Amino acid sequence: MQITVNDRILEIADNATLQDALNAKEIAPQGIATALNGRVIPAQARAATILHEGDKIVIIKAFYGG
């Protein structure tokens, strides 16, 4: 199935989870925030959040500086 991760299409297996998508993109789970279709998904819920065709994921990486 196809989903979108930060405006880029990703082909992923049916019944994949949000954590599976992060793994496929080789994104480390530390220091990021995730949203699925505009709804924030806490880190502890990523492995249980099943994705569906056309879902849109936004990943925001925290950084420090000023």
Contact list, first residue from the stretch 3-22 and farther than 17 Å from Gly38 by Cβ, second anywhere and buried (at least 17 other Cβ atoms within 10 Å of the Cβ) and among the hydrophobic types (A, V, I, L, M, F, W, C), beta-carbon distance below 7 Å, six or more apart or interchain, is Leu10/Ile3; Leu10/Ala21; Ile12/Ile3; Ile12/Ala21; Ile12/Leu51; Ala16/Leu51; Thr17/Leu51; Asp20/Ile12
Being at pLDDT below 95 and either in contact with a Lys or Arg (Cβ under 9 Å, 6 or more places away or on another chain) or closer than 19 Å to Phe63 by Cβ (or both), is that true of even one residue in the stretch 11-25?
yes
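The values are calculated or read from the model by the stated rules, or taken from the named source; none is laboratory data. Note that the structure is predicted; figures quoted are calculated from it, not measured. FYI the Cβ positions are ideal-geometry reconstructions off the backbone, even for glycines, and counts take in every protein chain you see.
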